[in-house]
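A.B. asks: Before anything else, here's the structure in question.
Every number here is computed from the coordinates shown, using simple stated rules; none is lab data. Just so it is clear, the structure is predicted and the values come from calculations on it, not from any experiment. Here the Cβ positions follow ideal geometry from the backbone for every residue, glycine too, while neighbour counts run over all protein chains shown.
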Amino acid sequence: MTFDDLVARAQALVPARGRALLGVAGAPGAGKTTLALALVRALTAAGEPVVHVPMDGFHLADVELDRLGRRDRKGAPDTFDATGYAALLRRLRTDDGLVYAPAFDREIEQPVAGSIPVPPDTRLVVSEGNYLLVDTPRWRAVRAEFDAVWFHETDDTLRRERLIARHVWFGKSPAAAREWVERTDEPNARLIATTRPRADLVVACPEIPA
């Protein structure tokens, strides 16, 4: 399936009235954000009012992870506010006014509230995240708000290399980056792989525009 095919599928979700929500799930480093942003650019260029709202804005802040004793597992399912994420998705579907969504600032590794405006004329929201298809009550509530969820996958070796490079870019030593990927990211990736059958579409699209 080509990138243009995916753009056409996403565009077919856009309603004449109201708003649709498209999710992109997948393991850490699979390229979810790259795909989501490319879809938003292509649809915007085609004249569709579309906004990207990532799940990562619902990371719990480090101060709360410290309180809960979960900071060394940051990125695991229970280090996100899944209930808050589901509530925002529900509001995006039903609120016809301006809605603000949080983003995640990788420079400081923290969520930042009120960062993403979703204007009233938005017809499609594209949101990507690791756990959109996890079969537990809080994450099922997230899945219920989407019109469709795609699962994006890539070669595991490439995916791990991307993760290590990302952690190094944001300040870890190469050894610390590898240790974090093996201890934290890869157990999460194995969990996420089990959610693949719940996707509406499995995507492996190597030629995503940069």
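A.B. asks: Within the chain, what percent of beta bridges assigned by DSSP are antiparallel, to the nearest 5?
C.D. replies: Within the chain, antiparallel bridges account for around 30 percent of the total.
A.B. asks: Here is a follow-up. Can you compute the helix-only [θ] at 222 nm over the chain? Use -39500 (n - 2.57) per DSSP H run of at least 4 residues, normalise by all residues, nearest 500 deg cm²/dmol.
C.D. replies: Here the helix-only value at 222 nm equals -11500 deg cm²/dmol.
A.B. asks: In whole Å, largest first, what are the principal axis extents of the Cα atoms in the chain?
C.D. replies: Result, largest extent first: 50, 37, 30 Å.
A.B. asks: Taking amide H atoms as placed 1.01 Å from N in the peptide plane, list the residues 5 or more away in sequence, or in a different chain, whose amide H sits under 5 Å from that of residue 128.
C.D. replies: Those lying under 5 Å, H to H, from residue 128 are 24, 53, 55.
A.B. asks: If you don't mind, there's one more thing I want to ask. Output ³J(HN,Hα) for the stretch 177-187: one whole-Hz value per residue in order, computed from phi by the Karplus curve 6.51 cos²θ - 1.76 cosθ + 1.60 with θ = phi - 60°, and x for Gly and Pro.
C.D. replies: Karplus values, whole Hz, x for Gly and Pro: 5, 5, 5, 5, 4, 6, 7, 10, 5, 6, x.
A.B. asks: Related question: Would you look at the GNM of the chain, springs on alpha carbons closer than 10 Å, and say which of 89, 163, 133 moves the most?
C.D. replies: Maximum among the listed residues: 163.
A.B. asks: Continuing with the same structure: So what J values fall out for the stretch 125-132 if you push phi through Karplus, 6.51 cos²θ - 1.76 cosθ + 1.60 with θ = phi - 60°, rounded to Hz, Gly and Pro as x?
C.D. replies: The phi angles translate into 10, 9, 10, 10, x, 5, 10, 4 Hz.
A.B. asks: Still on this structure: Connecting C-alpha atoms closer than 10 Å in a GNM of the chain, tell me which of 160, 17, 138 has the biggest fluctuation.
C.D. replies: 17
A.B. asks: In whole angstrom, how far apart do the alpha carbon centroids of the stretch 125-173 and the stretch 11-88 sit?
C.D. replies: Between the Cα centre of the stretch 125-173 and that of the stretch 11-88, the gap is 8 Å.
A.B. asks: For residue 202, enumerate residues with amide H under 5 Å from its amide H, sequence gap 5+ or separate chain, H modeled in the peptide plane.
C.D. replies: For residue 202, the qualifying residues are 151.
A.B. asks: Sticking with this one: Once both axes come from the Cα atoms, what is the angle between helix 3-13 and the longest principal axis of the chain, in degrees from 0 to 90, rounded to 10?
C.D. replies: Helix 3-13 sits at roughly 60 degrees to that axis.
A.B. asks: Restrict the search to the stretch 1-93; then list the chymotrypsin sites (Phe, Trp or Tyr not before Pro) that DSSP places in a loop and that have at most 10 other Cβ atoms within 10 Å of their Cβ.
C.D. replies: none
A.B. asks: Which ³J(HN,Hα) values, rounded to whole Hz and listed in residue order, are derived for the stretch 110-121 from phi using the Karplus coefficients 6.51, -1.76 and 1.60 in 6.51 cos²θ - 1.76 cosθ + 1.60 with θ = phi - 60°, glycine and proline given as x?
C.D. replies: Karplus-based 3J(HN,Hα) across the stretch 110-121 equals 9, x, 10, 5, x, 8, 10, x, 10, x, x, 7 Hz.
A.B. asks: Name the residues whose placed amide hydrogens come within less than 5 Å of the amide hydrogen of residue 104, ignoring near sequence neighbours (fewer than 5 apart) on the same chain.
C.D. replies: 57, 112
A.B. asks: I would also like to ask the following. Once a ≥ b ≥ c are taken as the square roots of the eigenvalues of the Cα gyration tensor of the stretch 76-139, is the result rounded (a/c under 1.5), prolate (a/b larger than b/c) or oblate (a/b not larger than b/c)?
C.D. replies: Here the stretch 76-139 falls in the oblate category.
A.B. asks: Can you compute the charge dipole magnitude of the stretch 3-203 about its Cα centre, using +1 on each Lys and Arg Cβ and -1 on each Asp and Glu Cβ, nothing else charged? Give it in debye, rounded to the nearest 20.
C.D. replies: Result for the stretch 3-203 is approximately 260 debye, rounded to the nearest 20.
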